[in-house]
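Notes follow the structure.
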Amino acid sequence: MTEGDLHSLSDTVTNKMIVVENVTEAMETILSFSKNAEELLRRRKVQRELIFKYLAKEGVTMPPTSEKHQLVKRTLELWSSGTVDKAKQQQPTTSDSNDIKTKVCFDPLILGQQFCQWFFQILNSQNPSLGQHPQEWGPQHFWPDVKLRLLSRATTEQMEELLGAELVSLRLLALTSGERLLFSPNLDPHGLRALASPHGLVLVGVAGTIHRDQTCLGIFEQIFGLVRSPLNETSWKIKFVNLKIRGQDAIGGTEVAAPALNYNSSELQLLCS
């Protein structure tokens, strides 16, 4: 695909919420925000001729008159069979070959799902109204220079900004331990997004509902910046948190059973900088 088509497809799959700077970022974004392989192949920018040529390179002969849906089906069959030349797939297109190869098996969306399940389970366990034994919570889950931006909208709007692992962990703890809030994240595709940058930062965005006892108070959107620990490749720590809370008054009483993630590109770019 041309560079222009890759950038255009990146805009399409993210609803222009993420601005990419090069081909590598565009490809990573497209893969991260595509639900599955079939959805990606059926995109208008992935033209019939591209799929036909790809299959030919893989040794799969198709009639020249084949329609796109037939080519898509055959490509999915090829990938499912596991016979694709992995060495050819992983051949780098830039000099930074080691960096590219390490990303082949990394799926930021899986990390995002696992992280959210862990984070909200441990945070909610601090809520005394649940009667659970609190799990281990503290500054050890954050980088020392972590930043928290907390925006709450109910009858009035309040903004808080905190810096440092100790302050950030205590402020988040106060939401569940002190204010007895319960966070219920929506981990369905429209409620969760994840993106890996070329520099090692993984961005995880999630939406959900907030409750106290049996009452739904409103909805939240939370964006995490995660960076892998240099001493443990399976350990990730939180680099920044952007939390928006909207009460029932601020959302006009709309249905909030499974809220979708809805953030704009300027906010996202501000967090990435």
Problem set entry | Residues being in a helix (DSSP H, G or I) and touching a Leu at 6+ places or on another chain (Cβ under 8 Å) - total across the stretch 58-76 | 5
Exercise. Within the set of pairs 6 or more residues apart or between chains, which connect a residue that is modelled with pLDDT of 90 or more inside the stretch 19-46 to a residue that is part of a loop (DSSP other than H, G, I, E, B) with Cβ atoms less than 8 Å apart?
Worked result: 40/34; 40/46; 45/1; 46/1
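Out of 57, 73, 88, report the one residue that is within 23 Å of residue 9 (Cβ to Cβ), assigned by TED's automatic domain parsing to the domain that holds residue 8 and at pLDDT 90 or above.
Selected residue: 73, the only one of 57, 73, 88 that is within 23 Å of residue 9 (Cβ to Cβ), assigned by TED's automatic domain parsing to the domain that holds residue 8 and at pLDDT 90 or above.
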Exercise. Within the stretch 162-171, can one find any residue that is within 19 Å of the chain's Cα centre (by Cα), assigned to a strand (DSSP E or B) and under 30 Å from residue 25 (Cβ atoms)?
Worked result: no
Exercise. Here is a list of conditions, (1) within 26 Å of residue 110 (Cβ to Cβ); (2) loosely packed, with under 12 Cβ neighbours inside 10 Å; (3) among the charged types (D, E, K, R), and residue 43 meets all of them except one; can you say which number that is?
Worked result: (2)
Exercise. Across the stretch 152-170, which residue is farthest from residue 214 (Cα to Cα) among those that are crowded, with 16+ Cβ neighbours inside 10 Å and not β-branched (Val, Ile, Thr)?
Worked result: 164
For this session: Please list, ordered by first then second residue, the pairs with beta carbon atoms under 7 Å, 6 or more apart or interchain, first in the stretch 166-180 and assigned by TED's automatic domain parsing to the domain that holds residue 124, second among the hydroxyl-bearing types (Ser, Thr, Tyr).
Result: 180/129
Exercise. If only one of 271, 243, 187 is under 14 Å from residue 119 (Cβ atoms) and modelled with pLDDT under 90, which one is it?
Worked result: 187
For this session: Would you be able to say whether some residue in the stretch 182-198 is touching an Asp or Glu at 6+ places or on another chain (Cβ under 7 Å) and not in a strand (DSSP E or B)?
Result: yes
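Take the conditions loosely packed, with under 15 Cβ neighbours inside 10 Å, assigned to a loop (DSSP other than H, G, I, E, B) and either over 18 Å from the mean Cα position of the chain (by Cα) or modelled with pLDDT under 90 (or both) and apply them to residue 233. Does it pass?
No: the conditions fail for residue 233.
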Seminar exercise, completed: Residue count, the stretch 15-43, condition of a type outside the set (S, T, N, Q) and in contact with a strand residue (DSSP E or B) (Cβ under 8 Å, 6 or more places away or on another chain), comes to 3
Exercise. Does residue 221 satisfy the criteria of being of a type in the set (Asp, Glu) and surrounded by fewer than 19 Cβ atoms within 10 Å (Cβ to Cβ)?
Worked result: no
For this session: Confirm whether residue 141 is over 21 Å from residue 240 (Cβ atoms) and at pLDDT below 95.
Result: no
Seminar exercise, completed: Residues in the stretch 123-144 that are farther than 20 Å from residue 191 by Cα and either surrounded by 11 or more Cβ atoms within 10 Å (Cβ to Cβ) or of a type in the set (A, V, I, L, M, F, W, C) (or both) total 15
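The values are calculated or read from the model by the stated rules, or taken from the named source; none is laboratory data. On a predicted model such as this, the values are computed, not experimentally measured, just so you know. Because the Cβ atoms are built from the backbone with ideal geometry, glycine has one as well, and the counts that use them run over all protein chains shown.
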